[in-house]
Amino acid sequence: MGDPTHLLEELIKIDSSTKSGANEAIAYCEQWLIDQGLPVEKLENNGFHMLVCEIGQGDHTIVLNGHIDVIEAEERQFQPSIRDGKMYGRGAVDMKAGVAASMVTAAQLKDRELTSRVMLQIVPDEETGGINGTKYLTEKGYLGDFIICGEPTNMGIAIQSKGVLQLDFTVRGKSAHGSRPWEGTNAITKAISLYEEILELPFAQESSPMFTQPSINLAKIQGGTVYNKVPDLCQLSLDIRYLPDQSPKDIVYQIQTIIEGPITIHNSNNPVKTRADNPYVEALGESIKRITELEKVSIFGQHGSNDGQFFTKYGGSAIEFGPVGRDWHGENEMVYIDSVREYQNVLVDFILSLDDTQLKIN
């Protein structure tokens, strides 16, 4: 029970890249938790299953949030292998290692006297936005004061993440015969020019203490129908990861000033901006140093989004903290086995070290 390695290996074997696969993995986790004598509640939303397991007592709640879903991969990547102290396989570090370690942590702590409640959440859809999983849980009141999302961070603490703003708009040109392009206005080349203008807008030049700039990705471009016609329409899609203190409304306004026609917001997710001097962050940092013997803990911001975003509107402080690995979403995703064990030991040490009076949590 004290080593998450075997559990991680079994979880990797489950292809959880689809709804049915994620539900299969949730069922496996549910049975494992029950076998450890833990209380488990299974919830369902739009056919997606998820688990909540609560232990301990106290006025404050620590949430260990982990997603069991992975992105699609070849069949061989769901056959875990161990080489040179590393476990390879889809989801090894993103983030079945975090899930396995959190589950073992709950099992180890279930009979201990805790000063805080600990809520383990295992969700099915972080990779596709978290709407049916963590967002649903927060709307149903499954909240906490401090949320640890076990995403891969190489044992550092990511206290911020960028917000997400995904936009679609249509650029209009003027059609003409392909042999006489000067008689028309090519909507595709016009769209590319507009994209380059967007990169020069004020919001795109801003920075923050943890980020040099927002991320602006030209995600999709669709235009043209036949070879011998100047295209008069081009659809453009942008994936903007904005800085924690930027306003998505202001970003849309700035883009609208150089674009004719409406802008459609496909998706908009909140940033995470937990303070470095948050008492929980400081306590977690001390636990990391105790267990790993690191002299300094890396505190940084993530460019990508995570499910911690859904807790912020309810006052929860969210961070990402996970084991050491590499190539998540890649061909050779892997996690260092020793770091998974260290990570799990840090979680236990952190939870046992909590003292509301010492932390001065209001």
- Quick one: pull the percent of accessible area on segment 69-221 belonging to carbon and sulfur, 1.4 Å probe, ligands and nucleic acids left out. 45 percent
- Message: What is the percent carbon and sulfur in the accessible area of segment 275-362, measuring with a 1.4 Å probe over the protein chains and ignoring ligands?
- Response: 45 percent
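For residue 221 and residue 253 in the same chain, what is the full-extension length gain: residue separation times 0.36 nm, less their Cα-Cα distance, in nm?
Gain in length upon complete extension: 9.4 nm.
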- Task: Give the accessible surface of segment 190-307 per residue, rounded to a whole number of Å², with probe radius 1.4 Å and ligands, DNA and RNA excluded.
- Result: 58 Å²
- Message: How large is the direction-averaged shadow of the alpha-carbon convex hull of segment 36-120, in nm²?
- Response: 7.4 nm²
- Describe numerically, in nm with one decimal, the distance between label points set 7 Å from Cα along Cα→Cβ at residue 292 and at residue 205. 3.8 nm
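For the chain, what proportion of DSSP beta bridges, expressed in % and rounded to the nearest 5, is antiparallel?
Here the share of antiparallel DSSP bridges comes out near 70 percent.
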- With Cα coordinates, the longest principal axis of the chain makes an angle with the long axis of helix 337-353, in degrees rounded to 10, of 70 degrees
- Note on the structure: GNM on the chain, Cα springs under 10 Å; top mean-square fluctuation among 257, 138, 18 goes to 257
- Query: Hey, with R₀ at 56 Å, roughly what FRET efficiency would residue 111 and residue 177 work out to, going by the Cβ-Cβ distance, to 0.05?
  - Reply: 0.10
- Query: Using θ = phi - 60° and the Karplus curve 6.51 cos²θ - 1.76 cosθ + 1.60, what whole-Hz ³J(HN,Hα) does each residue of segment 286-291 get, with Gly and Pro shown as x?
  - Reply: 5, 5, 4, 5, 5, 7
- Message: Test of understanding: what is the full-extension gain from residue 303 to residue 27, defined as 0.36 nm times their sequence separation minus their Cα-Cα distance?
- Response: 96.2 nm
- Message: Kirkwood hydrodynamic radius, segment 84-235, all distinct C-alpha pairs: what's the number in Å?
- Response: 20.6 Å
- Note on the structure: Here the residues of segment 141-180 lying in the modelled label zone of residue 41, meaning backbone nitrogen under 20 Å from a point 7 Å along Cα-to-Cβ, are 141-149
- Note on the structure: For the chain, the Debye formula with one identical point scatterer on each Cα and no solvent gives log10 I(q)/I(0) at q = 0.07 Å⁻¹ as -0.35
- Item | Solvent-accessible ranking of 241, 275, 180, largest area first, probe 1.4 Å | 275, 180, 241
- Query: How many nm is it between the label spots at residue 57 and residue 228, if each spot is 7 Å from the Cα in line with the beta carbon?
  - Reply: 8.3 nm
- Just give me a number: lysine pairs in segment 1-107, eight or more positions apart or cross-chain, with C-alpha atoms less than 18 Å apart. 5
- Could you work out the per residue convex hull volume over the alpha carbons of segment 120-174, in cubic angstrom? 158 Å³
- Query: What does the helix-only formula give at 222 nm for the chain: each DSSP H stretch with n ≥ 4 adding -39500 (n - 2.57), the total divided by the residues, and the result rounded to the nearest 500 deg cm²/dmol?
  - Reply: -8500 deg cm²/dmol
- Rounded to the nearest 0.05, FRET efficiency between residue 34 and residue 352 (Cβ-Cβ, R0 25 Å) equals 0.55
- With +1 at each Lys and Arg Cβ and -1 at each Asp and Glu Cβ, the charge dipole magnitude of the chain around its Cα centre, to the nearest 20 debye, comes out at 900 debye
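Probe of 1.4 angstrom, ligands and nucleic acids ignored: what's the accessible area per residue over segment 61-143, in square angstrom?
So segment 61-143 comes to 35 Å² accessible per residue, rounded to a whole number.
The values are calculated or read from the model by the stated rules, or taken from the named source; none is laboratory data. Predicted model only: the values in this text are computed from it and were never measured. Neighbour counts are summed over all protein chains in view; Cβ atoms, including those assigned to glycine, are modelled from backbone coordinates with ideal geometry. We work out accessible area using only protein heavy atoms, side chains counted, and drop any ligands, DNA or RNA first. Shrake-Rupley method; radii C 1.70, N 1.55, O 1.52, S 1.80 Å.
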